[in-house]
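Data block below; observations after.
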Amino acid sequence: MIDWQPGDRIVSFSDGVPETVNERGEALGALAAEQLLCTGLDRLAQALVEFRGKAPSRDDVSAIDVVYSVGFAEACRVSNAVSLERSASIAAP
């Protein structure tokens, strides 16, 4: 059992995030994905667009940030969930 406190959070991403491949065929990797996720979902989406360049997307690319808030009815609320692929395609020039 987890003893949740207000403000505690869980962040997670699909396997498509670390498996994002750039134009040279290099994968982003789990460590880089974890480090980018700590900077926020918007920055992660931007970094994936920059990393991938013109390489095609091969998988779903999703992340979620769940924050515990006060109150039984609001025990866990999703503060920011975004399809990074959609966000990245919107942000792409």
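The values are calculated or read from the model by the stated rules, or taken from the named source; none is laboratory data. Predicted model only: the values in this text are computed from it and were never measured. Cβ coordinates were reconstructed from backbone atoms using ideal geometry, including for glycine residues, and neighbour counts include every protein chain displayed.
Being in contact with a strand residue (DSSP E or B) (Cβ under 6 Å, 6 or more places away or on another chain) and crowded, with 17+ Cβ neighbours inside 10 Å is the filter here; which residues of region 19-32 pass it?
Residue satisfying the conditions is Val21 alone.
Assuming Leu41 fulfils every condition listed in (1) exposed (fewer than 13 other Cβ atoms within 10 Å of the Cβ); (2) within 10 Å of the chain's Cα centre (by Cα) apart from one, which condition is it?
The number of the failed condition is (1).
Out of region 37-61, which residues are at pLDDT 90 or above and of a type in the set (S, T, N, Q)?
Gln46
Scan region 37-69 residue by residue and report those that are part of a helix (DSSP H, G or I) and free of Cβ contacts under 8 Å to residues at least 12 places away in the same chain.
Arg43, Ala47, Glu50
How about region 9-36: which of its residues are outside any helix (DSSP H, G or I), of a type in the set (A, V, I, L, M, F, W, C) and within 30 Å of Val70 (Cβ to Cβ)?
Ile10, Val11, Phe13
Can you confirm whether Ser89 is modelled with pLDDT under 90 and either among the aliphatic types (A, V, I, L, M) or farther than 22 Å from Asp8 by Cα (or both)?
yes
Any residue that is exposed (fewer than 13 other Cβ atoms within 10 Å of the Cβ), small (Gly, Ala, Ser), modelled with pLDDT under 80 and more than 12 Å from the chain's Cα centre (by Cα) - is there at least one of those in region 5-18?
Checked region 5-18: no residue is exposed (fewer than 13 other Cβ atoms within 10 Å of the Cβ), small (Gly, Ala, Ser), modelled with pLDDT under 80 and more than 12 Å from the chain's Cα centre (by Cα).
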